[in-house]
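The values are calculated or read from the model by the stated rules, or taken from the named source; none is laboratory data. Here the structure is a predicted model, which means the values were calculated and not measured. All Cβ positions, glycine included, derive from the backbone under ideal geometry; neighbour counts span all protein chains shown. Please note that ligands, DNA and RNA were not included when accessible areas were found on the heavy atoms of the full protein model with its side chains. Shrake-Rupley method; radii C 1.70, N 1.55, O 1.52, S 1.80 Å.
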Amino acid sequence: MEKIAQDIIIRPVITERSTDNLQQRKYTFRVMKSANKIEIAKAVEALFSGVKVEKVNTMNVRGRKRRQGRNEGYTPSWKKAIVTLTDDSKTIEFFDGMI
């Protein structure tokens with residue numbers, strides 16, 4: 001099964017730490033668990049025009065233990081990618097209002 005860019009990049013991660021990284025041209029995304037760094041870089045360049053990826057850092061985020069009354073379980077685990085853009089590339093317009 002071939003992966004397309006919309007399947008690889010699930011959604012942006014917007015936290016206080018990720019917005020602090022925007023000045024260093026680092027953007028954080030929730031990505032497909034089976035995607036590798038090369039696929040993530042190509043998907044970001046395909047989704048956002050005029051963007052050049054310098055490097056990609058990935059990490060697997062473990063599910064957290066949650067309770068609701070007497071029932072307890074785990075939230076699903078997921079994969080996070082921090083994408084660094086080159087100095088000569090454009091910024092991602094979605095994040096421009098957050099700086």
Inset, instruction - Quick one: check the C-alpha center-to-center distance for the stretch 55-99 versus the stretch 1-32, whole angstrom. - result: 6
Inset, instruction - Compute the accessible area per residue over the chain, keeping the other protein chains in place, probe 1.4 Å, unit Å². - result: 70
Legend entry - the chain: relative contact order as a whole-number percent, Cα under 8 Å and 6+ apart: 31
Inset, instruction - Would you mind telling me the share, in percent, of accessible area of the chain contributed by carbon and sulfur at probe 1.4 angstrom? - result: 47
Legend entry - As computed over the chain, the Cα convex hull volume per residue (Å³): 115
Legend entry - Ordering of 58-64, 48-54 by burial proxy (mean other Cβ atoms within 10 Å per residue, highest first): 48-54, 58-64
Inset, instruction - At a Cα cut-off below 26 Å, give the lysines reachable from K55, other chains included and same-chain residues fewer than 8 away excluded. - result: K3, K26, K33, K37, K42, K79, K80, K90
Inset, instruction - State, to one decimal in nm, how far the label point of E93 lies from the label point of I38, with both points 7 Å from Cα in the Cβ direction. - result: 3.1
Inset, instruction - Return one number: the angle in degrees, 0 to 90 and rounded to the nearest 10, between the long axis of the Cα atoms of helix 37-47 and the longest principal axis of the Cα atoms of the chain. - result: 70
